[in-house]
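The values are calculated or read from the model by the stated rules, or taken from the named source; none is laboratory data. Note that the structure is predicted; figures quoted are calculated from it, not measured. All Cβ positions, even for glycine, are placed from backbone atoms using ideal geometry, and neighbour counts span all protein chains on display. Calculation scope for accessible area: heavy atoms of the full protein, side chains included, ligands and nucleic acids excluded. Shrake-Rupley method; radii C 1.70, N 1.55, O 1.52, S 1.80 Å.
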Amino acid sequence: PREHWTDNSGAATHRPEKEKSGREFNPQYVALMKHFGMIPRTIQVGKAHENGDIESLNGVLKRRLKQHLLIRGSRDFMSVDEYRSFLEEVLEKANAMRTQRLAEELEAMSKLNVSRLAEYEEYRCLVMSWGTITVDRRIYSVPGRLIGEKVQVRRYEKQIEVFFKDVLQMTAPWIPRDQQHCVNYRHLIGWLVRKPGAFRNYRFKKDFFPNEDFRWAYDALSDTVSARTADREYLQILHHAAQTMECDVAAALQLIREQGEVPRLDRVLELNPPPNTEVPQIEPYVANLMEYDSLIPSGRCML
């Protein structure tokens, strides 16, 4: 895998290579060419007729898919898997006509003696003081215990994996560029509950409302008590939800709302008390040192 070091903006520090003409190549494409020992080159500007078979086949495939969608009568699919099955069926029919030519090409090809291409790109990121990392201009929250540490991130096609000292810490979906961030309140609530004053203007404040019940609870507290008290009690309620069951706390908030009460912390804890964990009583073990005498052969003394 290729490694990247990222700064606070998330931009990779490496630069794409250039051809002699000065035109830049995509860095992922350059890495692919180096892996297979190939030298990339571009066509001349304004010379569209120099496009190769790949560019031509891309247009053919787009037109083929458009025709099949017209025959299907709809562009809507129930899931990504259903759309993938549709694409595979179209491609299998198209490639069925090329089996003879493919066999001829395979006979002329030599075995490719290279290692398997990695399925992920690797990044090394610093966990910022607010418990987030930046991966290719996307912000992710990580467990608060990693603040100030450097972590390894493996970016796959659909997810990322975060490692610290080669131990997997978390996985998260790879988000589109327009979404920009993926924040899990469970990662940061322990940090915010100790600094409730930072919540009022917190950048990811919207991500700390798991559903409408929690949003109502915060608004109701803000309308009833001071801003500092509202922030502190709401964060403690959310912290309680992170430590127990979010759905149980949401049910308690919903009941308080139906009864026309204010969702104060003590009332929430009354309806959904924290689990009472009892520490087991263990009798102290008293070692019988005389048992070690059986390890010494009779009549012999070891000094």
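Things to note:
- The count of lysine pairs in the chain that are at least 8 places apart or cross chains, and whose C-alpha atoms lie under 19 Å apart, stands at 9.
- On a per residue basis, region 64-140 carries 77 Å² of accessible surface, using protein heavy atoms and a 1.4 Å probe.
- Shape category assigned to region 119-180 from the gyration tensor of Cα positions, a/c cut at 1.5: oblate
- Unit charges at the beta carbon, dipole of region 88-216: most positive-side option, Leu112, Leu146, Gln180: Leu146
- Inter-probe distance in nm under a simple model that places probes 7 Å from Cα toward Cβ, at Thr42 and Gln159: 3.8
- Inter-label distance for Tyr292 and Thr244, nm, one decimal - labels placed 7 Å from Cα along Cα-to-Cβ: 5.0
- Accessible surface of Leu69, taken over heavy atoms with a 1.4 Å probe and every protein chain present, rounds to 20 Å².
- Label separation (Ser115 vs Thr277): 4.2 nm, computed from points 7 Å beyond Cα along the C-beta direction.
- Most to least accessible of Tyr185, Tyr29, Tyr156 (protein chains only, probe 1.4 Å): Tyr29, Tyr156, Tyr185
- Taking the three principal axes of the alpha carbon atoms in region 211-303, the coordinate ranges are 86, 24, 20 Å, sorted in descending order.
- Taking the Cα centre of the chain as reference, the dipole from Cβ charges on Lys and Arg (+1) and Asp and Glu (-1) amounts to some 1540 debye.
- Solvent exposure of region 194-303 as accessible area per residue, Å², 1.4 Å probe: 72
- Shape call, the chain: gyration tensor on alpha carbons, a/c limit 1.5: oblate
- Solvent exposure of Lys34, expressed as accessible area, is near 130 Å², computed with a probe of 1.4 Å over the protein chains only.
- Mean Kyte hydropathy of -1.0 or more with a Cα span along the axis of at least 27 Å, helices from DSSP in the chain: 53-72
- Taking the accessible area of the chain, probe 1.4 Å, and keeping the other protein chains in place, the carbon and sulfur fraction comes to 52%.
- Student exercise, region 148-295 dipole from Lys, Arg, Asp, Glu Cβ charges, in Debye to nearest 20: 1080
- Förster radius 41 Å - calculated FRET efficiency between Gln236 and Leu91, Cβ distance, rounded to 0.05: 0.15
- Dipole-positive endmost among Cys247, Gly190, Gln159 within region 132-279 (Cβ charges, Cα centre): Gln159
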